[in-house]
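The values are calculated or read from the model by the stated rules, or taken from the named source; none is laboratory data. Here the structure is a predicted model, which means the values were calculated and not measured. Note: ideal-geometry Cβ built from the backbone for every residue, glycine included; neighbour counts use all protein chains shown.
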Amino acid sequence: MASVRGGFSLFEKIDNGTINGSCRARSPFEISGYRKYVGVSSNLRFVRDGFCRERSKKGRGSLVAKAAGKDLNNEEGDVTEDALNATLEKSKKVLAMQKDLLQQIAERKKIVSSIKKNIGSPESEVSASTGSDMSKDSDGASTAGDSDTKYDRSGRFFNDFVQSTKTEVSKISSFIATEGTKKERVEGVSHQRSKQDEEIKETSPGTGDKSVQSKVVPQVLPQASKPYGLVKEELKEMQTVKSDVVEEAESKPEPEEKDSKPPPLAGANVMNVIVVAAECAPWVKTGGLGDVASALPRALARRGHRVMVVVPHYGDYPEAQPTGIYKWYNVAGQDMEVSYFQGYIDGVDFVFIDNYIFRDLPNNNIYGGDRLEVLKRMVLFCKAAIEVPWHVPCGGVCYGDGNLVFIANDWHTALLPVYLKAYYRDNGLMSYTRSVLVIHNVAHQGRGSVDDFHLVGLPDHYVDLFKLYDPVGGEHFNIFTAGLKTADRIVTVSHGYAWEVKTQEGGWGLHNIINENDWKLRGIVNGIDTKEWSPELDIHFKSDGYTNYSLNTLTTGKPQCKAALQRELGLPVRKDVPLIGFIGRLDHQKGVDLIAEAMPWMVSQDLQLVMLGTGRADLENMLRQFEGQYRDKVRGWVGFSVKTAHRITAGADVILMPSRFEPCGLNQLYAMRYGTIPVVHAVGGLRDTVQPFDPFNERGLGWTFDSADSGRLIHALGNCLWTYRDYKKSWEGIQRRGMMQDLSWDNAAQQYEEVLVAAKYQW
Ligand SMILES: Nc1ncnc2c1ncn2[C@@H]1O[C@H](COP(=O)(O)OP(=O)(O)O[C@H]2O[C@H](CO)[C@@H](O)[C@H](O)[C@H]2O)[C@@H](O)[C@H]1O
């Protein structure tokens with residue numbers, strides 16, 4: 001019963017309040033394209049109708065009057081006659097001016113082409129412009145300087161010419177426009193004009209939407225000169241002359257304007273993009289999702305898209321300012337008020353959704369609490385996030401729901417595509433909005449009992465979308481399933497993982513669903529934020545003996561960071577000992593237990609090991625235990641420290657990633673950027689990004705092992721250490737190749753853009 005009420009109460013809200021309000025909010029933006037259309041077409045209609053009607057009425061009357069040699073009608077007729085004569089006079093003047101101008105152009109053209117010829121040959125240029133043989137001048141600098149001056153002079157002359165031509169043209173244009181306006185007044189067209197103005201106003205009701213007006217008005221003005229009914233032919237001629245003159249002037253090779261803005265990289269594909277994620281660095285991050293939600297939007301913004309990130313407001317973030325906007329959403333029968341906070345950084349709008357349930361977190365963990373608590377948080381978050389483009393004006397203007405695509409991430413926001421369909425698109429709303437669902441990790445799905453369905457607040461018939469049967473869970477409620485089915489496109493974070501999720505082993509029960517939706521699935525390897533993760537710029541290397549370094553200073557900068565790390569960790573400071581790092585969530589996925597199994601062999605080697613991570617309590621204890629056992633070689637840092645992660649990435653020689661599965665993996669990318677060599681289990685994104693070292697051809701980026709097995713790990717790590725010790729040149733070659741790669745988000749963003757466009761045209 002509750003489920004029914006939950007579902008329908010929301011629909012009532014849609015019918016009565018929310019959507020009405022929303023429609024109001026979105027209309028200024030969404031309708032702008034339509035408005036433009038209305039504005040232009042109504043204007044055209046005005047011009048066409050106005051022109052025809054005025055011409056036929058006045059024109060015919062005047063001609064008949066002339067033919068009869070007498071005043072046919074009344075005073076009005078006189079006024080019209082006089083006005084037309086005056087117009088004819090003025091039009092003649094215009095034609096005379098234009099003729100004169102054309103003559104001037106022809107003369108100036110001759111001069112310009114002779115100058116151009118001279119510029120073509122430096123010698124002739126010099127002698128022609130100075131009147132003396134400057135090539136004999138032994139002072140090369142002065143000659144060059146002179147020739148520069150001459151070039152500049154001729155260039156300036158040319159500019160002056162274009163400029164003056166343009167001025168003349170604009171004079172004529174404004175003359176025509178003024179006359180057109182006068183003519184309108186004479187012929188009573190001012191009535192039409194005000195009607196047209198009204199139409200323009202109408203298209204931007206009370207909003208003062210300047211962007212819309214400025215789009216419409218310029219298209220109106222040139223047309224205003226048309227209603228010269230009787231002098232149509234002359235006008236036609238004038239306009240042809242005018243356009244010839246403009247073409248003439250514009251065909252001249254004007255020097256490029258230095259600060260002219262290049263078109264967006266995305267070109268015509270520019271869209272409004274809203275990335276919705278449960279975490280986003282630097283405010284909140286438990287893993288790679290936080291990194292992606294922070295960096296991908298910036299990369300999309302660099303391509304010219306209008307981009308927003310929506311994330312829960314878990315704490316007080318200095319960059320987030322209150323907007324004063326409040327909305328209510330129903331979650332499991334309870335109305336909850338959210339408020340929106342906002343920031344604008346690096347060309348991206350960040351919107352934070354605030355409610356006490358995002359702040360009162362069990363154990364201060366954003367995924368903390370029982371299954372139902374987490375689910376309620378995600379329901380509220382998705383319901384509020386989907387309406388942000390209507391309610392929250394960013395930079396003064398709401399995104400609106402046209403040309404809009406949401407990028408939802410993992411199961412936490414997989415409800416968003418479902419809500420988009422169920423609440424809006426199925427009801428004829430948000431028709432031009434699309435959703436893309438990104439799988440960062442399919443192992444977490446938002447599973448629960450089918451009874452949980454009532455919490456998501458959807459009509460009963462949607463339950464089937466969430467039902468999944470698998471041998472482990474039986475028939476259960478699965479949020480990822482529903483999201484994958486309803487999203488317009490699906491992305492996984494590497495090619496390898498896109499293949500793995502379709503297998504029984506890699507799909508975690510979702511492989512059938514993913515196979516059924518294979519047509520909309522694409523793998524795109526994550527990039528890295530090259531500002532945040534750059535050895536040249538890293539802000540965590542400004543103290544404690546660390547230093548920034550680059551490819552050029554690799555051999556001095558990196559050892560300095562290694563020494564600083566050894567000192568900071570209390571390990572013996574030794575340049576020659578290989579230092580191995582591990583950074584990651586301590587769970588089954590990351591294969592920490594494989595490291596544990598390999599530990600006896602590892603500590604038998606002359607090496608140092610540092611492990612940083614949080615997660616499963618037993619694995620955290622294991623880290624502490626290793627440190628206690630092997631104090632001269634091993635450090636186990638239990639905790640989440642971004643600074644330490646950066647320092648380990650720079651100071652270590654090797655990054656070990658024995659992940660059982662790894663959708664993409666970011667640490668190996670960061671490591672390569674820092675000249676730190678990855679040793680990885682060749683799976684998912686690790687296989688995509690770490691080409692194994694080939695000692696015969698000096699190729700490759702690291703070492704890989706092909707099964708999640710400690711023996712294989714030892715074998716790969718053994719080869720790695722051997723190269724470290726005995727083949728220094730090869731080692732440096734691997735480091736340099738890794739550092740030289742373009743791992744930025746730019747390439748990945750371009751591929752995301754292709755997905756967004758595909759989604760946009762998905763009906
Ligand atoms: N204790 C700690 N202290 C400080 N920083 C820590 C840390 N533990 C982890 N980190 C940082 O968190 C990030 C983890 O990146 P991963 O690629 O391992 O992501 P994760 O597996 O969480 O996410 C999922 O999503 C990402 C993004 O798509 C995929 O790359 C990945 O394969 C998939 O499992 C890195 O920036 C790492 O430095």
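Observations on the structure shown:
- Checking each residue in region 722-761 for being closer than 20 Å to ASP518 by Cα and of a type in the set (Asp, Glu) picks out GLU753, GLU754.
- Check on TRP519, away from the ligand (no atom under 16 Å from the Cβ), assigned by the TED database to the domain that holds ASP291, closer than 29 Å to ASP746 by Cα and assigned to a helix (DSSP H, G or I): yes
- Residue match in region 698-716 (condition: farther than 17 Å from ASP593 by Cα, more than 16 Å from the ligand (Cβ to nearest atom) and touching a Gly at 6+ places or on another chain (Cβ under 7 Å)): yes
- The residue that is nearest to the ligand (Cβ to nearest atom), among those in region 611-621 that are in contact with an Asp or Glu (Cβ under 9 Å, 6 or more places away or on another chain) and aliphatic (A, V, I, L, M), is MET611.
- One residue from ARG371, ARG425, ARG447, ARG377 being without any contact (Cβ under 8 Å) to a residue 12 or more places away in the chain and surrounded by fewer than 24 Cβ atoms within 10 Å (Cβ to Cβ): ARG425
- In summary, helices (runs of 4 or more DSSP H) completely within region 417-509 and bearing 1 or more residues that are within 16 Å of the ligand (Cβ to nearest atom), among the aromatic types (Phe, Trp, Tyr) and not assigned by the TED database to the domain that holds GLU662 occur at 479-486, 495-500.
- Among the residues making up region 616-655, those that are of a type in the set (Val, Ile, Thr) and over 18 Å from LEU713 (Cβ atoms) are VAL638, VAL642, THR644, ILE648, THR649.
- Among the candidates ASN409, ASN403, ASN365, ASN355, residue that is surrounded by fewer than 22 Cβ atoms within 10 Å (Cβ to Cβ), within 16 Å of the ligand (Cβ to nearest atom) and assigned by the TED database to the domain that holds ILE325: ASN365
- Candidates in region 632-645 are the residues that are under 21 Å from PRO572 (Cα atoms) and among the small types (Gly, Ala, Ser); of these, the one that is nearest to the ligand (Cβ to nearest atom) is ALA645.
- Residue that is surrounded by the fewest Cβ atoms within 10 Å (Cβ to Cβ), among those in region 657-669 that are within 6 Å of the ligand (Cβ to nearest atom) and part of a loop (DSSP other than H, G, I, E, B): LEU666
- Selection within region 646-656 - touching a Phe, Trp or Tyr at 6+ places or on another chain (Cβ under 7 Å) and either assigned to a loop (DSSP other than H, G, I, E, B) or within 7 Å of the ligand (Cβ to nearest atom) (or both): ASP653
- Check on LYS562, in contact with a helix residue (DSSP H, G or I) (Cβ under 6 Å, 6 or more places away or on another chain), in the same structural domain as ALA716 (by the TED database), touching a residue at least 12 places away in the same chain (Cβ under 8 Å) and more than 17 Å from VAL680 (Cβ to Cβ): yes
- Annotation note: of ASP576, ASP606, ASP632, ASP538, the sole residue that is touching a His at 6+ places or on another chain (Cβ under 6 Å) and modelled with pLDDT of 95 or more is ASP538.
- GLN629 being of a type in the set (S, T, N, Q), more than 13 Å from the ligand (Cβ to nearest atom) and within 21 Å of TRP722 (Cα to Cα): no
- Residues that are surrounded by fewer than 18 Cβ atoms within 10 Å (Cβ to Cβ), touching a residue at least 12 places away in the same chain (Cβ under 8 Å) and among the charged types (D, E, K, R) do occur in region 643-656, at least one of them.
- Residue in region 304-324 that is hydroxyl-bearing (Ser, Thr, Tyr) and either within 16 Å of the ligand (Cβ to nearest atom) or closer than 20 Å to VAL405 by Cα (or both) present: no
- Residues of region 582-600 that turn out to be within 15 Å of the ligand (Cβ to nearest atom) and either outside the structural domain of LEU656 (by the TED database) or free of Cβ contacts under 8 Å to residues at least 24 places away in the same chain (or both), as a count: 0
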